[in-house]
Amino acid sequence: MNQYYDAVIIGAGLSGLAAAWELAGMKIAVLEKEAAAGGRVKTGAFGSFHYDLGAIFRLESTLLPFALGQHEIMDESEKVGLLYNGQLFFGTGVMSCIGSVGGRLREEARSAFYKFHEDQTPDYNTMSQDCQEVLSAFFQVIHPGELSSYIPTRQRDACVKHSCSHLVSGNAAIIDSFLSSLGSKCELWLNTEVEAVIQETGIVRIICNKAGERQELLARTVLVTVPAPLARTMITQIDSPSQAFLKSLAYGAGVVVAVGIKGASIPDFAYLVTPQLSTSTIIQHHTLDKQVRVLLVYYAGAKAAALKTMTDDVVVEGTIQELINLEFCQRQQIIFTDIQRWDYLGPIINTQSYGQWDKQAVKPSAQVFLAGEYVAVADGRDIMPYGMAAALQAGAEQGRAARALLEAAEDFVRYQDTFLVDVYTYRLDGSRPVFIKHSEEGNIAFYGLILQATGDIRLQQYLISASLNGLWEYQTGFGVTAEDSALVLEGLWETGTDRQFLLRSLEKLVEQFYDQDAGAFCTIRKGRAKYWQGASADATGMIGYLLACLAPTEYQSQIAACVEHVRRTQNEQGFWRGKWFPSYLITTWYSLRLLSAVDTENHMAAMAKAVSYVLKKQQDNGSWNLSVIDTAAALLTLRQAKSANNKSLPALHQAMLAAKHWLIHSSGKRPCGEPVLYYLFEEENWLQERLNHTLFFHCQDKGQIAAAWRQLALRGGNEHEK
Ligand SMILES: Cc1cc2nc3c(=O)[nH]c(=O)nc-3n(C[C@H](O)[C@H](O)[C@H](O)COP(=O)(O)OP(=O)(O)OC[C@H]3O[C@@H](n4cnc5c(N)ncnc54)[C@H](O)[C@@H]3O)c2cc1C
């Protein structure tokens, strides 16, 4: 399977789904560690009762990129409460609630609120501990950390009263709608934990564990939506603004206990803060059954940390006990409980993280984007965001940025749709070839040659994308072969592709195409094309050379065997002939190149024999067979031999000069029609039965292949008139 994607999104929370929405239509996968999408949006159920264990307040549905549809909404009380010195105080806002407490607390809180609003520099430390605790309790209704550690603009959240209206079916309805609206436009991989995101040259490699199995994916872009501390360990290479930002982001933990209660008379409030209890906030939700309420009991900041070593049962029991002590219910009225622990409830927005919060920080490397809630930049408001709306905004923004990056490289489609070869198919019926049809082929491997010649970085990306598990085909759907893979690998190597990537491909090549008995590489190992069975001089020369250059110690024995095979198969006259390339000069070039790369001294005689043959075949006009490809291959061969020999040979020099001259002066015409591949197949009918005919495919270059050979041969070399 080709595990290559335009975009891979890590995390199926709101940010990840919003990013997927923006990228829909491209080849995308969303990888999610858990068994369900949603992340910090998580709804539990007890029979027909739903309760939110994660994000709870209602998200403005107009923020969603699709219509949410009809969902029943439950409105809650207007009142908020404060438990202070064992007494409950209520009000319609935070200030009126504190006001009902009276005394010094009200005065202090009023002046603190005033400062939050007006000068934004409240001196929190001069307040009494009681006042600090109460303000922090109201602050922690939505934030995981202590108020004192936040930036002043965010501290103002302590004064905000939140509406507790909610979807009866819980916020998971938003996730379900997202998934059904996305439909098959993206792949969702659940139970898939990403371990590493590695930026390589032109591509990102993602290592993950899918239900216990290690998987690797390649992507043109990656969007990381997991909480910042996880992103920091997952992304292996992070450029500096991002590094500093991610480092500065600390997260607070939290615990939510849901308690379903039937038949109790609980006071009228939407939520209640409890600074002096072990709990932080108690949120009250009505249900469609008038008798049943769900109390969502929150623990944040230091209170959540205090529960770390307790078992779930102990935490739930402690919560029940607090509710009974408050006389909100009796034990027998409890119909269900549930608990959820969050290691990463949300980011703590302190001066350090706020200082690093920067538009540039969203890009850890060339093709990796940070897209979690913490990177949203609210228009016109200088305040670092948090929450569902921020998650949606961040995911959508970074999704659009990734799409723009992908669209800028849309030449991919061009490569895929542009075939390099004209194919003339003949039926060989014994007496004479009968022409059957003309078609076009070759949209992958020969691009490796063009990449080698041009160094076009988008072509490099395209070829990486066309990889089938590290190997390549001649054309989509034709199946991988050793020569096709070697052609592409040469191009990738030439353009500085990550060495690990190349080594993995070489490993695959050896695994699949090296024939131990023959001591050589084969074009294919099995299949119906008899013509290509057995050792291949082309594959052996090409791959032997790649191994010798890229992994000489790892593949010592295979390299030695390839060299031996090349020595053995040299024709008496000095050249080599392969089956894959029609031009014997190409096979000669690849063979001689391998000999000159390994133990040159020992192969001088073989190389001299080859050179002498090549020189003999040069025409008076400087070309070989009036062919650009043959002339380029011959020139490369002579140049290689010359540099291995290190002697000044006048005949060689003259021949190279003439070849170069011919290549330069033939460049005015577009060289097309040169044969680049032949192959034979037994003809089959639609029942896949063999007929008694052989089909012969004659593949001719449309022009780009010969041009690449010419470019390669003219590049480098210091032949000039003396
Ligand atoms: C208890 C609680 C109450 C909240 N209340 C509100 C509220 O009322 N209003 C509000 O606006 N916001 C609230 N929030 C915050 C809100 O839930 C988040 O801001 C928002 O959901 C974040 O979405 P996200 O996609 O950025 O991150 P997440 O939802 O955290 O998504 C990240 C995803 O990445 C996955 N993941 C992590 N590591 C890996 C890995 N290695 N490989 C693959 N996947 C991985 C996670 O499983 C998760 O699904 C609350 C949060 C909590 C916890």
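The values are calculated or read from the model by the stated rules, or taken from the named source; none is laboratory data. This structure is a prediction, so every number in the text was calculated from the model and none was measured. Virtual Cβ from ideal backbone geometry, glycine too; neighbours counted across all protein chains shown. Just so you know, the surface numbers come from the protein's heavy atoms only, side chains and all, with ligands and any DNA or RNA stripped out. Shrake-Rupley method; radii C 1.70, N 1.55, O 1.52, S 1.80 Å.
Selection of the range 339-372 for residues being within 25 Å of the chain's Cα centre (by Cα) and among the aromatic types (F, W, Y) yields Y344, W357, F369. Considering only residues in the range 124-168 that are within 16 Å of the ligand (Cβ to nearest atom) and of a type in the set (K, R), the one that is nearest to A389 (Cα to Cα) turns out to be R154.
Residue pairs whose Cβ atoms lie under 7 Å apart, sitting 6 or more positions apart in sequence or on different chains, and linking a residue in the range 362-373 that is in contact (Cβ under 8 Å) with a residue 12 or more places away in the chain to a partner that is near the ligand (Cβ under 10 Å from one of its atoms) and in a loop (DSSP other than H, G, I, E, B), are A371/T225; G372/T225; G372/V226; G372/P227; E373/P385; E373/Y386; E373/G387.
Going through the range 57-91 one residue at a time, which ones are more than 23 Å from Q276 (Cβ to Cβ) and hydrophobic (A, V, I, L, M, F, W, C)? F57, L59, L63, L64, F66, A67, L68, I73, M74 - these are the residues of the range 57-91 that are more than 23 Å from Q276 (Cβ to Cβ) and hydrophobic (A, V, I, L, M, F, W, C). Can you give me the number of residues within the range 304-347 that are under 22 Å from Q87 (Cα atoms), free of Cβ contacts under 8 Å to residues at least 12 places away in the same chain and not hydrophobic (A, V, I, L, M, F, W, C)? Residues that pass the stated criteria total 4. For the range 495-520, a tally of residues being touching a strand residue (DSSP E or B) at 6+ places or on another chain (Cβ under 8 Å), part of a helix (DSSP H, G or I) and without any contact (Cβ under 8 Å) to a residue 60 or more places away in the chain returns 5.
The test for being in contact (Cβ under 8 Å) with a residue 12 or more places away in the chain and either touching a strand residue (DSSP E or B) at 6+ places or on another chain (Cβ under 7 Å) or more than 24 Å from E674 (Cα to Cα) (or both) does not hold for Y590.
I'm checking my understanding of the structure. Among residues of the range 637-673 that are open to solvent by 30 Å² or more (accessible area, probe 1.4 Å) and hydrophobic (A, V, I, L, M, F, W, C), which one is modelled with the highest pLDDT? Applying the filter and picking the extreme gives A658.
Among the candidates P241, P275, P229, single out the residue that is open to solvent by 40 Å² or more (accessible area, probe 1.4 Å) and in contact (Cβ under 8 Å) with a residue 12 or more places away in the chain.
P241 is the lone residue from the list that is open to solvent by 40 Å² or more (accessible area, probe 1.4 Å) and in contact (Cβ under 8 Å) with a residue 12 or more places away in the chain.
For the range 574-590, indicate whether the set of residues that are farther than 28 Å from K617 by Cβ and either open to solvent by less than 50 Å² (accessible area, probe 1.4 Å) or in a helix (DSSP H, G or I) (or both) is non-empty. No: zero hits. Is there a residue being away from the ligand (no atom under 16 Å from the Cβ), part of a strand (DSSP E or B) and of a type in the set (S, T, Y) anywhere in the range 397-419? Among the residues of the range 397-419, not one is away from the ligand (no atom under 16 Å from the Cβ), part of a strand (DSSP E or B) and of a type in the set (S, T, Y), which makes the answer no. Of the residues making up the range 28-38, those that are within 16 Å of R205 (Cα to Cα) and either more than 6 Å from the ligand (Cβ to nearest atom) or of a type in the set (S, T, N, Q) (or both) number 3.
Taken over the range 5-27, the criterion of being modelled with pLDDT under 95 and either within 12 Å of the ligand (Cβ to nearest atom) or open to solvent by less than 20 Å² (accessible area, probe 1.4 Å) (or both) is satisfied by Y5 alone.
Annotation note: of A45, A12, A55, the sole residue that is within 30 Å of V204 (Cα to Cα) and either of a type outside the set (F, W, Y) or out of contact with any Phe, Trp or Tyr (no Cβ under 6 Å at 6 or more places or on another chain) (or both) is A12.
Residue-wise test of (1) within 15 Å of the ligand (Cβ to nearest atom); (2) hydroxyl-bearing (S, T, Y); (3) under 30 Å from E317 (Cα atoms).
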position: I175; (1), (2), (3): yes, no, no
position: V194; (1), (2), (3): yes, no, no
position: C208; (1), (2), (3): yes, no, no
position: L217; (1), (2), (3): yes, no, no
position: T225; (1), (2), (3): yes, yes, no
position: T236; (1), (2), (3): yes, yes, no
position: P241; (1), (2), (3): no, no, no
position: L249; (1), (2), (3): yes, no, no
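Exactly one residue out of S100, S48, S61 is assigned by TED's automatic domain parsing to the domain that holds V292 and open to solvent by 10 Å² or more (accessible area, probe 1.4 Å): that is S100.
In the condition set (1) modelled with pLDDT of 95 or more; (2) among the charged types (D, E, K, R); (3) within 9 Å of the ligand (Cβ to nearest atom), R58 is compliant with all but (1). Here A597 fits the description: within 25 Å of A445 (Cβ to Cβ), at pLDDT 90 or above and either over 43 Å from the mean Cα position of the chain (by Cα) or surrounded by fewer than 24 Cβ atoms within 10 Å (Cβ to Cβ) (or both). Residue count for the range 612-652 under the criterion of being more than 21 Å from S591 (Cα to Cα), touching a residue at least 12 places away in the same chain (Cβ under 8 Å) and of a type outside the set (A, V, I, L, M, F, W, C): the result is 2. Of all residues in the range 255-267, none that is outside the structural domain of D289 (by TED's automatic domain parsing) has its Cβ atom under 6 Å from the Cβ atom of a residue that is within 16 Å of the ligand (Cβ to nearest atom), 6 or more apart or on another chain. Scanning the range 435-462 for residues that are open to solvent by less than 50 Å² (accessible area, probe 1.4 Å) and assigned to a strand (DSSP E or B), we see that the one that is farthest from S485 (Cα to Cα) is S439. With the structure loaded, tell me whether L88 is surrounded by 21 or more Cβ atoms within 10 Å (Cβ to Cβ) and either over 30 Å from R220 (Cβ atoms) or touching a strand residue (DSSP E or B) at 6+ places or on another chain (Cβ under 9 Å) (or both) or whether it fails that test. Criteria not met by L88.
For L406, the conditions (1) outside the structural domain of N692 (by TED's automatic domain parsing); (2) among the aliphatic types (A, V, I, L, M); (3) open to solvent by 20 Å² or more (accessible area, probe 1.4 Å) all hold with the exception of (3).
Residues in the range 484-494: is at least one assigned to a loop (DSSP other than H, G, I, E, B) and either open to solvent by 40 Å² or more (accessible area, probe 1.4 Å) or basic (K, R) (or both)? No: zero hits. Within the range 521-562, the residues that satisfy the criterion of being assigned to a loop (DSSP other than H, G, I, E, B) and farther than 25 Å from L585 by Cβ are R525, K526, G527, R528, A551, P552, T553, E554, Y555. For G519, the test of being surrounded by fewer than 22 Cβ atoms within 10 Å (Cβ to Cβ), farther than 20 Å from Y679 by Cβ, assigned by TED's automatic domain parsing to the domain that holds I464 and touching an Asp or Glu at 6+ places or on another chain (Cβ under 7 Å) is passed.
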